[in-house]
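Below: one structure, written as structure tokens.
The values are calculated or read from the model by the stated rules, or taken from the named source; none is laboratory data. Small disclaimer: the values here were computed from a predicted structure and weren't measured. Please note: Cβ atoms are built from the backbone with ideal geometry, for glycine as well, and neighbour counts cover all protein chains shown. Only protein heavy atoms, including side chains, enter the accessible area calculation; ligands, DNA and RNA are left aside. Shrake-Rupley method; radii C 1.70, N 1.55, O 1.52, S 1.80 Å.
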Amino acid sequence: MSALIPGANAALTAENPGLTELLIGFGWEIIPSRGPQAELVPLAILCDAHGKSLSNDHLVFFNQIVSQDGSVAFHDDRDAEEIDVDLARVPAEVAKIVFVVYVDPDIRGVGDFSSVRSSYVRVATRDNRELVRFDVPAGEHRSDDVLMFGELYRHRDDWKFRALGQGYSTGLRGVAADFGIDL
Amino acid sequence: MALNTSPVRSDVGFLRRRVKPAPTPEPATPAVTEDEPSATRPPTAGLSLAPARTAPRPATPTPPSASGLSLSPGPATPAATAAVRPESRPFPAPTIDDVRELGETDPVLRLNARESAVGSLIVSGAATAVWEDADRVTGSITAGGETAGTPVLTRGNRPLLGFDEADAIVTLRHVRELGRALLIPRGAHPLGVQIFDGSTVTTAPGDDSRMFVLYILRIDNLLELRAEPVDRTASDATILAQFGFTLTPYVSTRETRSR
């Protein structure tokens, strides 16, 4: 297992021949509150070579749990949310899969990461052996409402994972505009 | 064998609309080929799958089937689910962009998976909100704060359906916990609905004898909004009974005192 810093990448398939199924796990802690709490939602966006989502159906999250091609699937066991990727099934036109975590924009408040601590993304094999982990730096993203945790991307015939840790202050509307999706 | 000469039952809609199962397509062939690690590759995080394997985790997660039925012989993998997805979709319905007013002319619209799950569904003009969650726990609340039945609180400390000032709010982050809901207006004003992207729709105002209530039904991952006419003079209890809502008795549970 290795820990990544923002911007760093790890070769997944090049270093692990035969690796085709990945588990992308997300975790965080929310400072407890008696009132409404921030609710984080992982979202996978299957992008083309221009960084745009192939379509609105190429999003995977808790209410759209499988991509149209079956390559990316959401899984929620309540304690930990994860997105599974079958690299062998990812269509050739998908150049990268971006993993975003947003704070649900409920109108009753707490729409940013100010109460979120210890957030991370980890990439593991199907049998849950951790390959890489990225602990998202806290502090600088407290006023953001969406964070790009990382991305899986093609590199020649291989797949790599890059840690991102970039925030949006424009919420899901900013994400929708950047990736060309309707939200 | 006797020939069945009875006329076609055009009154039985579900038989005419039945979708025949389509053959499951072949799974995609792997696009990634294995090759030997190259010594010229740049140094990376140093990963290896060679060591001993831990206990295998369960097979690829099985997403819930939209209709609860599957004709696939094997376990439902994501790919299999994706393959049956077109057949399991509900019948076409207008979108929120197609309808300005829910009423006699356009009684129903359906939100897509994203509209059904992001942020809040805000209903203005409601006097009473009734919910039934996926476990059939049922309750109601009025705009004045009077509650009946059993409340449903989500993990984010927000009610699944409740009032925020004068507006009724459905917590869409937990849309999968919702079974159905009913919003009842009072007075001359119709109901207004707004979703995250700013799209809105209203219900028809009705007339002296009838008003339109808003019936929200979750079909798998999609919310369907319906305007249903009811007698304007009917009490909330009568309307709830008409829609088959039975409020769940609320049992308050408390921690046992330590001695």
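Here the relative contact order of the range A:99-183, from alpha carbon pairs under 8 Å that lie six or more residues apart, stands at 26 percent.
What does the net charge come to around residue B:137 if you take all other residues with beta carbon closer than 13 Å to its beta carbon, with K and R at +1 and D and E at -1?
On the way: positive: B:136, B:180; negative: B:132, B:133, B:135, B:177.
Net local charge, residue B:137 excluded: -2.
The phi-based Karplus calculation (6.51 cos²θ - 1.76 cosθ + 1.60; θ = phi - 60°) puts the 3J(HN,Hα) values of the range B:133-142 at 7, 5, 9, 6, 6, 10, x, 8, 8, 9 Hz, whole numbers, x for Gly and Pro. Compactness ratio for the range A:46-136: Cα radius of gyration over 2.2 N^0.38 Å (N = residue count) comes to 1.19.
At 37 °C and a viscosity of 0.692 mPa s, what translational diffusion coefficient does Stokes-Einstein give for the range B:101-242, taking Rh as the Kirkwood radius over Cα pairs? Give it in µm²/s as a whole number.
Values: Rh = 14.9 Å.
The calculation lands on 221 µm²/s.
Label positions at residue B:220 and residue A:173, each projected 7 Å from the Cα along the C-beta direction, are separated by 3.2 nm. Among the residues of A:5-18, the average count of other protein chain beta-carbon atoms within 10 Å of the residue beta-carbon is 4.
Report relative contact order for the range B:101-242 in percent, whole number only (criteria: Cα-Cα under 8 Å, sequence separation at least 6). Can you show the working numbers first?
Values: 323 pairs, mean separation 41.8, N = 142.
Here the relative contact order equals 29 percent.
Rounded to the nearest 20 debye, the dipole size of the range A:21-83 about its Cα centre is 260 debye, using +1 on the Cβ of Lys and Arg and -1 on the Cβ of Asp and Glu. Ellipticity at 222 nm from helices only: DSSP H runs of n ≥ 4 in chain A, each -39500 (n - 2.57), divided by the residue count, give -1500 deg cm²/dmol.
Computed over protein heavy atoms with a 1.4 Å probe, the accessible surface of the range B:101-242 works out to 38 Å² per residue. Normalised by the number of residues in the range A:2-179, the average gap of Cα pairs under 8 Å and 6 or more apart makes the relative contact order 30 percent. Among the trypsin sites (Lys or Arg not before Pro) in the range A:1-103, those located in a DSSP loop and surrounded by at most 13 other Cβ atoms within 10 Å of their own Cβ are A:34, A:78.
Normalised radius of gyration (Cα atoms, divided by 2.2 N^0.38 Å) for chain A: 0.98. Highest average first, the peptides B:228-235, A:122-129, B:111-118 ordered by how many other beta carbon atoms sit within 10 Å of their residues are B:111-118, A:122-129, B:228-235. The charge dipole of the range B:101-242, taken about the Cα centre with unit charges on the Cβ atoms of Lys, Arg (+1) and Asp, Glu (-1), comes to about 400 debye, rounded to the nearest 20. Given H placed 1.01 Å from N in the peptide plane, which residues other than close sequence neighbours of residue B:210 have an amide H under 5 Å from its amide H? Residues meeting the criterion, in which the H sits 1.01 Å from N, are B:232.
Each Lys or Arg adds one and each Asp or Glu takes one away; over the other residues whose Cβ falls under 11 Å from the Cβ of residue B:107, this sums to -4. Taking all protein chains as they are arranged and a probe of 1.4 Å, the heavy atoms of residue A:118 leave approximately 70 Å² accessible to solvent.
The 3J(HN,Hα) values that the Karplus relation (6.51, -1.76, 1.60; θ = phi - 60°) gives for the range A:126-135 are, in residue order, 4, 8, 6, 8, 6, 9, 9, 9, 10, 8 Hz. Gly and Pro appear as x.
So how much accessible surface do B and A hide from each other in total, probe 1.4 Å, in square angstrom to the nearest 100?
On the way: alone 18190 and 9410 Å², together 22290 Å².
Answer for the B-A pair: about 5300 Å² buried.
The apolar share of the surface of the range B:163-259, taken as the fraction of accessible area on carbon and sulfur atoms (1.4 Å probe, ligands and nucleic acids excluded), comes to 49 percent. A run of chain A free of exposed loop cleavage sites, with GluC sites (Glu not before Pro) counted only in DSSP states other than H, G, I, E and B and at most 13 other beta carbons within 10 Å, reaches its longest extent at A:1-92.
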